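To keep things clear, I will list the structure first and then write my remarks on it.
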Amino acid sequence: MLDTLVTTATGALAATVGVLVGGIVTRRAQDRQWLRDKQLVAYQELFSHYAKFTMELRRAHGDQRGWDYDWGEWSAALMRVSMVAPPEVATEIDNFGRAINSFLDQVARGRDPLRDPVSSEEFEQARQASAEAQVRLVNAIRGSLSNDQKGLPFGIGG
């Protein structure tokens, strides 16, 4: 009878520990998935804004017309991504932001598309540093999301 009681108690304890461990493991997996989903949304939003204002500036200079962009949304996108990005990605986001600032100094703040438009060649030259920073950022993001992701040697879009 004692053997039966010990066996039953051991089985019940093992089942309880299994349920608790399973719950903890499941919760951690759900937390990681939630964070990954938030990261992807924030990264997509950041690159969407980058592509939009870059295209708007390209068109303004090409068509010799005025332009406008909601820089508050760009700033908000940077803040949102900073909340979910791991440190190595945040570092590349900062480098990307600095490169974009330099680009904006050359084609948005320093040149008027109505009176002094940049040529397409000048535009591409001004965009070069931000394009390179974009590739480094994309590769940092890819590496942070999966160890299986290889870096890209080139940029796409932007």
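The values are calculated or read from the model by the stated rules, or taken from the named source; none is laboratory data. All of these numbers come straight from a predicted model, not from anything done at the bench. Using ideal geometry, Cβ is built from the backbone for each residue, glycine included, and neighbour counts are taken over all protein chains shown.
Those residues that are part of a helix (DSSP H, G or I) and either under 15 Å from Phe53 (Cβ atoms) or touching an Asp or Glu at 6+ places or on another chain (Cβ under 9 Å) (or both), I need them from the range 97-115; list them, please. First the steps, then the outcome.
The initial filter retains those residues of the range 97-115 that are part of a helix (DSSP H, G or I), namely 97-109.
Matches in the range 97-115: Gly97, Ala99, Ile100, Asn101, Ser102, Phe103, Leu104, Asp105, Gln106, Val107, Ala108, Arg109.
How many residues does the range 106-142 contain that are within 13 Å of Asn95 (Cβ to Cβ) and surrounded by fewer than 20 Cβ atoms within 10 Å (Cβ to Cβ)? Count: 6.
Could you tell me whether Asp94 is of a type in the set (Asp, Glu), within 30 Å of Arg36 (Cα to Cα) and outside any helix (DSSP H, G or I)? Against the criterion (of a type in the set (Asp, Glu), within 30 Å of Arg36 (Cα to Cα) and outside any helix (DSSP H, G or I)), Asp94 does not qualify.
Could we say that Tyr50 is in a helix (DSSP H, G or I) and more than 15 Å from Val107 (Cα to Cα) here? Here the answer is no, as Tyr50 does not meet what is asked. Residues that are farther than 17 Å from Asn101 by Cβ and not aliphatic (A, V, I, L, M) within the range 56-66 comprise Arg58, Arg59, His61, Gly62, Asp63, Gln64, Arg65, Gly66, listed in sequence order. Might you let me know whether the range 29-36 holds any residue that is in a helix (DSSP H, G or I), surrounded by 15 or more Cβ atoms within 10 Å (Cβ to Cβ) and either at pLDDT below 95 or of a type in the set (Val, Ile, Thr) (or both)? No, there is no match, as no residue in the range 29-36 is in a helix (DSSP H, G or I), surrounded by 15 or more Cβ atoms within 10 Å (Cβ to Cβ) and either at pLDDT below 95 or of a type in the set (Val, Ile, Thr) (or both).
Looking at Arg111, Arg136, Arg142, Arg115, can you tell me which residue is basic (Lys, Arg) and modelled with pLDDT of 95 or more?
Working: Arg111 fails: modelled with pLDDT of 95 or more; Arg142 fails: modelled with pLDDT of 95 or more; Arg115 fails: modelled with pLDDT of 95 or more.
Criteria check complete, one pass: Arg136.
So is Ala133 in contact (Cβ under 8 Å) with a residue 40 or more places away in the chain, touching a helix residue (DSSP H, G or I) at 6+ places or on another chain (Cβ under 8 Å) and not in a loop (DSSP other than H, G, I, E, B) or not?
On the way: in contact (Cβ under 8 Å) with a residue 40 or more places away in the chain: yes; touching a helix residue (DSSP H, G or I) at 6+ places or on another chain (Cβ under 8 Å): yes; not in a loop (DSSP other than H, G, I, E, B): yes.
Judged against the criteria, Ala133 is a match.
Looking across the range 43-96 at every residue that is among the aromatic types (Phe, Trp, Tyr) and more than 14 Å from Ser130 (Cα to Cα), the one that is surrounded by the fewest Cβ atoms within 10 Å (Cβ to Cβ) is identified as Trp71.
Lys150 falls short on exactly one of the conditions (1) of a type outside the set (Asp, Glu); (2) closer than 30 Å to Arg32 by Cβ; (3) part of a loop (DSSP other than H, G, I, E, B); (4) touching a helix residue (DSSP H, G or I) at 6+ places or on another chain (Cβ under 6 Å), and that condition is (4).
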